[in-house]
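Colleague: Before we start, here is the structure in question, set down as structure tokens.
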Amino acid sequence: MGYVWTAEQIESYEGYYREVSFHFSGVAIEFTTTDDFVRGVLPPCLQPPDEPSGLVSITQGRESWQGAFTIADEESIGAIYLNATRNGQEGLYSLTVIVDGDMNVTTGRESWGMPKKRGESNIFSDGEGMYAYSERRGTRLIEIDATLGERSESYVEHGRLYELKGWIAPDGGGLHDDPYLVVFDTQTSYSEVRQAEGSLRLTGTLEDPVGDIPVVSIDHTTFLAGVEKFVFAEQVQLRERDAFKPFIYGRAYDNWTERIKRTTDTFAAPRVTSTRHLEPGR
């Protein structure tokens, strides 16, 4: 029966989440932000790096399992990360992740604790020029314009991904249980690398306040293609659940009650909180 899986189906499905491979291409921008912002949005289980910085990326790709692709269509992802450290190990902490597809949203949130929300991303290129965007509920939250330059050597990069996982209790009594810090080790094999000049526009709404991110400078723009492997490393139970509640709510959920307070039409267009547009070197 499709509604009740067999033991074999369960075993293979659970094994999929222990190591995921993502075949992708897209554009990434590394940026500098401010110490105050990083310290304000990182949860207590993570520490700021020496230099406050982050990464914006818009990619398209497909996941694979045992050498076979898992879905027929490509998955588009618009994401914003901050660099963070734990026990001296630097990694990326997800602030915003916009993806298409209901299962992409569901599994990313329920299994990993990623702040995935349903939206659309796209990439257009004429060979040397590239425009990429990620939008949700009618607002283009992330826009990248890039001019591609010289190709660089392929390389392999090792990293870490930090996610904060927690759920709202069904009785409205806060978090259902203690949250967890979920840690993944990543290995990315880049098969194509092109340096680029890029500009970045972040437009925030009440639900997705990406426009509040202070982008001090754009440091590096790159077109990348390759395969990234995510391997589960550990999950750490965080006992002081109330201390983590503001961070979980702010990353993962739309603030319906705040929207109701601000407008009588709950289906009105999202309110833009701020827009930031930076050219390279600004």
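Colleague: Looking at 39, 62, 18, which one is touching a Pro at 6+ places or on another chain (Cβ under 9 Å), surrounded by fewer than 20 Cβ atoms within 10 Å (Cβ to Cβ) and either at positive phi or of a type outside the set (S, T, N, Q) (or both)? Lay out the reasoning, then the answer.
Modeller: Details: 62 fails: touching a Pro at 6+ places or on another chain (Cβ under 9 Å); 18 fails: touching a Pro at 6+ places or on another chain (Cβ under 9 Å).
Matching residue, one of 39, 62, 18: 39.
Colleague: Counting only residues that are of a type outside the set (Ser, Thr, Tyr) and over 16 Å from residue 202 (Cα atoms), which one in the stretch 124-139 is modelled with the lowest pLDDT? So that I can check it myself, show each step before the final result.
Modeller: Quick first cut of the stretch 124-139, residues of a type outside the set (Ser, Thr, Tyr) only: 124, 126-130, 132, 135-138.
Retained after the next criterion (residues that are over 16 Å from residue 202 (Cα atoms)): 124, 126-130.
Working: 124: 96, 126: 90, 127: 83, 128: 89, 129: 94, 130: 95.
If we take residues in the stretch 124-139 being of a type outside the set (Ser, Thr, Tyr) and over 16 Å from residue 202 (Cα atoms), then 127 is modelled with the lowest pLDDT.
Colleague: Taking the condition of being assigned to a strand (DSSP E or B) and farther than 20 Å from residue 25 by Cα, how many residues in the stretch 142-184 meet it?
Modeller: Residues of the stretch 142-184 that are assigned to a strand (DSSP E or B), as a first pass: 142-152, 155-165, 168, 175, 180-184.
Checking the rest, the ones that are also farther than 20 Å from residue 25 by Cα come to 162-165, 168, 175, 180-184.
Final tally of qualifying residues: 11.
Colleague: What are the residues in the stretch 40-76 that are assigned to a strand (DSSP E or B), closer than 22 Å to residue 250 by Cβ and in contact with a Lys or Arg (Cβ under 9 Å, 6 or more places away or on another chain), if any?
Modeller: If the condition is that a residue be assigned to a strand (DSSP E or B), closer than 22 Å to residue 250 by Cβ and in contact with a Lys or Arg (Cβ under 9 Å, 6 or more places away or on another chain), then 47 is the only one that fits.
Colleague: Please work out if residue 142 is buried (at least 20 other Cβ atoms within 10 Å of the Cβ), out of contact with any helix residue (DSSP H, G or I) (no Cβ under 9 Å at 6 or more places or on another chain) and not small (Gly, Ala, Ser).
Modeller: On the way: buried (at least 20 other Cβ atoms within 10 Å of the Cβ): yes; out of contact with any helix residue (DSSP H, G or I) (no Cβ under 9 Å at 6 or more places or on another chain): no; not small (Gly, Ala, Ser): yes.
Considered against the rule, which asks whether it is buried (at least 20 other Cβ atoms within 10 Å of the Cβ), out of contact with any helix residue (DSSP H, G or I) (no Cβ under 9 Å at 6 or more places or on another chain) and not small (Gly, Ala, Ser), residue 142 comes out as no.
Colleague: Output the qualifying pairs, or none if there are none: Cβ atoms under 6 angstrom, residues six or more apart or on different chains, first residue in the stretch 198-213 and over 27 Å from residue 149 (Cβ atoms), second residue assigned to a helix (DSSP H, G or I) and aliphatic (A, V, I, L, M).
Modeller: Hits for this filter: 204/210.
Colleague: If residue 123 meets every condition in (1) over 17 Å from residue 148 (Cα atoms); (2) part of a strand (DSSP E or B); (3) touching a residue at least 24 places away in the same chain (Cβ under 8 Å); (4) not charged (D, E, K, R) apart from one, which number is that one?
Modeller: Here residue 123 clears every test but (1).
Colleague: Right, next: Say we look at the stretch 214-240 and pick out the residues that are assigned to a strand (DSSP E or B) and either without any contact (Cβ under 8 Å) to a residue 24 or more places away in the chain or of a type in the set (Asp, Glu) (or both); which of these is surrounded by the fewest Cβ atoms within 10 Å (Cβ to Cβ)? It would help to see each step written out before you state the result.
Modeller: Within the stretch 214-240, the first condition is being assigned to a strand (DSSP E or B), and the residues that meet it are 217-237.
Filter once more, so that each one left must be either without any contact (Cβ under 8 Å) to a residue 24 or more places away in the chain or of a type in the set (Asp, Glu) (or both): 219, 228, 234.
Working: 219: 15, 228: 21, 234: 10.
If we take residues in the stretch 214-240 being assigned to a strand (DSSP E or B) and either without any contact (Cβ under 8 Å) to a residue 24 or more places away in the chain or of a type in the set (Asp, Glu) (or both), then 234 is surrounded by the fewest Cβ atoms within 10 Å (Cβ to Cβ).
Colleague: If I filter the stretch 24-50 down to residues being among the acidic types (Asp, Glu) and out of contact with any strand residue (DSSP E or B) (no Cβ under 7 Å at 6 or more places or on another chain), which single residue comes out as modelled with the lowest pLDDT? Give the steps one after another, and end with the answer.
Modeller: So in the stretch 24-50, the residues among the acidic types (Asp, Glu) come out as 30, 35-36, 50.
If we keep only those that are out of contact with any strand residue (DSSP E or B) (no Cβ under 7 Å at 6 or more places or on another chain) too, we end up with 35-36, 50.
On the way: 35: 97, 36: 97, 50: 94.
Within the stretch 24-50, the match that is modelled with the lowest pLDDT is 50.
The values are calculated or read from the model by the stated rules, or taken from the named source; none is laboratory data. It should be emphasised that the depicted structure is a prediction, and the values quoted were computed from it without experimental measurement. Heads up, the Cβs are rebuilt from the backbone with ideal geometry, glycines too, and the neighbour counts pull from every protein chain shown.
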